[in-house]
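A.B. asks: Sharing a structure here in structure tokens format.
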Amino acid sequence: MRLLLTIFIFSFFGAVFIGCDGGSSSGGGFVPSGDILAVAERAGQNQTIKVGGTEGSVPPGSTVTVTNLNTSETQITVGLPDGSFDPTFTGSTNDIFNVLVANNGNLVLDTTIGVTLLRNTVQRNLATLGSVPADIKIRDSRAYVINGFSNNIQVFNLNQNPPQLLMTIVVPPGSNPISMDFFGDNQAYVANNTGQSVAVVNINNGDCETLIVSAEDQETTTPCQTVINVPANTFEEPVGVKVAKGKVYISNNNLDENFSPNGNGFISVFTGGTNQLVATIGASGSNTSNIIVIDDTLYALNNGNILFDFETSEFSCDFDFPPSIDMVDTETDTVFDTIDIPLSQQNSTVCLPNNLSATSDGFGYTGLGLVGALLKVDLFEGTVINGPDNPIIITDLSGLNNTADIAIKDGLLFTTLFNSDQIAVLDTNTDQADPFPYITPFPAGIRGDDPNSQLFDGVQSLAIRPGVSGADFVGADIYFITGISEQLGSVDSTLQTQ
């Protein structure tokens, strides 16, 4: 019931000048591989403007002279070892900047640029979603938005701007679909959190082909064409789906009626296509949720639990149910190791991990349900790098927030901030938040514009459109959904430089 818990927590608390090149020249044999930009968060006077270059934009050790042509303010800096630089100005976003780069006495670059506004790379309200959207998945040029209370999956064509609704896949009433994963070219498995079932849907024609459910949980099965009955308790709040090694892994929260752990979570394992239950993997911790697979190992995140004090109206970590990550051998479907994540008395709200995402070299990041921070683990070594005692801080830990989802692309981590309506960026090579040119989180909702607003959109889940980088691509590469306003949005993480 991850989504319902999120909604409960947060319902309680309530003109661009883009990198214009007015005359660029280079010499001295240097060929830049990065971009030089002037970036601000929003339009206006007295704005913080970073004028810098990404990795490879200037020769390391070169002299970089940046001049605001409107005010004549000049700053001189040196190219860093990775070929980047980023001096800070205060000025108008209508200002024009000149960048001169000299290396060993030779002028290698002379360019003039205007200011790119981060907020203008975000598009909101692209499409109205169903009731209580839970997640978004992208495959090729299609986005699949899973709507919990609408009991459906909306399929959008991302090649059109705004994205156009192609079809709606419907699952039985009361299902509360919450996640999905693809099986082959035609099917997807959908976890129905409240319906205690899994639906097999056809992603090309929109049919619900099969419903996997126990007889005791079976109610209305329409519109699914066939029903496969499984033993009682095969599912207990199914929440995560992962297809791997020809099998389908379904994680189960196993919660009671108060959303508290009813013992440890577990994973139900089915054969892909034939839908035979072949194993049940007991988890080492409670509230088992997100699962990812790297090579032959499945990593299952056990979220743990939180407490709510009705007298003080405060949330806190439940030390009786700490989070952990189980490591499962996908050949034998057994847990062979566990990464325990100890809670911290000092940081009593740094808990309830959200979706787990990993870099190609095995570093796993997970958001948190009560604060704007991240945890980091070395999945290959089985160690915690940044735990609850030393999290990677995105927003102040003193206020409620929720790093609800994570997506990683080209060494950059994008995470949603549910309560502040933002999308923040982290450099996974250094774990630095707001790396240039992402000088501040993208404003993706009402509170992103006005932090004091009593209303908010609830920027929730996001997904990266694969294979849409390079000079031939124009448009958004990240799509997000809002849990409160129930809208689809997008971000062009290239800052419109392509």
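A.B. asks: Can you tell me how many residues in segment 144-192 are outside any loop (DSSP other than H, G, I, E, B) and either open to solvent by less than 10 Å² (accessible area, probe 1.4 Å) or closer than 19 Å to residue 291 by Cβ (or both)?
C.D. replies: 21
A.B. asks: Would you mind listing the strands (runs of 3 or more DSSP E) fully within segment 210-257 where at least 2 residues are among the polar types (S, T, N, Q)?
C.D. replies: Numbers: elements: 226-230, 238-244, 247-252.
By residue number, 226-230, 247-252.
A.B. asks: Can you report the number of residues in segment 107-137 which are modelled with pLDDT under 95 and small (Gly, Ala, Ser)?
C.D. replies: 0
A.B. asks: Do we have residue 238 as over 22 Å from the mean Cα position of the chain (by Cα) and modelled with pLDDT of 95 or more here?
C.D. replies: The answer is no for residue 238.
A.B. asks: What is the one condition in (1) farther than 30 Å from residue 477 by Cα; (2) open to solvent by 10 Å² or more (accessible area, probe 1.4 Å) that residue 404 does not satisfy?
C.D. replies: The one condition residue 404 does not meet is (1).
A.B. asks: Could you please let me know if residue 328 is within 15 Å of residue 240 (Cβ to Cβ), in contact with a Phe, Trp or Tyr (Cβ under 8 Å, 6 or more places away or on another chain) and surrounded by 22 or more Cβ atoms within 10 Å (Cβ to Cβ)?
C.D. replies: When the stated conditions are applied, residue 328 passes them.
A.B. asks: Next question. Mind listing whichever residues of segment 354-397 are of a type in the set (Phe, Trp, Tyr), open to solvent by 10 Å² or more (accessible area, probe 1.4 Å) and in a strand (DSSP E or B)?
C.D. replies: Hit for segment 354-397 is 363, nothing else.
A.B. asks: Filter segment 213-249 for residues that are of a type in the set (S, T, N, Q), open to solvent by 50 Å² or more (accessible area, probe 1.4 Å) and on the phi < 0 side of the Ramachandran plot and give the result.
C.D. replies: Filtering segment 213-249 down to residues of a type in the set (S, T, N, Q) leaves 214, 218, 220-222, 225-226, 229, 233-234.
Next, from what is left, pick out any that are open to solvent by 50 Å² or more (accessible area, probe 1.4 Å): 218, 220, 222, 225-226, 229, 233.
Result: 218, 220, 222, 225, 226, 229.
A.B. asks: Quick check on residue 93: is it buried (at least 19 other Cβ atoms within 10 Å of the Cβ), among the polar types (S, T, N, Q), outside any strand (DSSP E or B) and in contact with a strand residue (DSSP E or B) (Cβ under 6 Å, 6 or more places away or on another chain)?
C.D. replies: Judged against the criteria, residue 93 is a match.
A.B. asks: Follow-up question, since we're still on this one. Taking segment 407-428 as the search range and keeping residues that are touching a Leu at 6+ places or on another chain (Cβ under 9 Å) and in a loop (DSSP other than H, G, I, E, B), which one is surrounded by the most Cβ atoms within 10 Å (Cβ to Cβ)?
C.D. replies: Restricting to residues being touching a Leu at 6+ places or on another chain (Cβ under 9 Å) and in a loop (DSSP other than H, G, I, E, B), the top hit is 419.
A.B. asks: Mind checking whether some residue in segment 160-182 is closer than 30 Å to residue 39 by Cβ, modelled with pLDDT of 95 or more, β-branched (Val, Ile, Thr) and in contact with a Gly (Cβ under 8 Å, 6 or more places away or on another chain)?
C.D. replies: No, that holds for no residue.
A.B. asks: Mind listing whichever residues of segment 265-284 are open to solvent by less than 40 Å² (accessible area, probe 1.4 Å) and not small (Gly, Ala, Ser)?
C.D. replies: Once the filter is applied, which keeps residues that are open to solvent by less than 40 Å² (accessible area, probe 1.4 Å) and not small (Gly, Ala, Ser), segment 265-284 yields 266, 267, 269, 270, 271, 275, 281.
A.B. asks: For residue 249, only one of the following conditions fails: (1) under 20 Å from residue 190 (Cβ atoms); (2) modelled with pLDDT under 95. What is its number?
C.D. replies: (2)
A.B. asks: Another one. Which one of these is open to solvent by 50 Å² or more (accessible area, probe 1.4 Å) and under 28 Å from residue 248 (Cβ atoms): 337, 333, 320?
C.D. replies: It is 337.
A.B. asks: With at pLDDT below 95, surrounded by 12 or more Cβ atoms within 10 Å (Cβ to Cβ), assigned to a loop (DSSP other than H, G, I, E, B) and not aliphatic (A, V, I, L, M) as the only criterion, which of 34, 14, 23 stands out?
C.D. replies: After applying the criteria, what remains is 34.
A.B. asks: Does residue 259 meet the test of being open to solvent by less than 40 Å² (accessible area, probe 1.4 Å), over 14 Å from residue 329 (Cα atoms) and among the aromatic types (Phe, Trp, Tyr)? Let's see the steps before the verdict.
C.D. replies: Values: open to solvent by less than 40 Å² (accessible area, probe 1.4 Å): no; over 14 Å from residue 329 (Cα atoms): yes; among the aromatic types (Phe, Trp, Tyr): yes.
No.
The values are calculated or read from the model by the stated rules, or taken from the named source; none is laboratory data. Since the structure is predicted, the reported quantities are computational estimates derived from the model, not experimental observations. Positions of Cβ are generated from backbone atoms using ideal geometry, with glycine treated the same way; all protein chains shown enter the neighbour counts. Accessible surface is based on the protein model in full, side chains and every heavy atom, while ligands, DNA and RNA are left aside. Shrake-Rupley method; radii C 1.70, N 1.55, O 1.52, S 1.80 Å.
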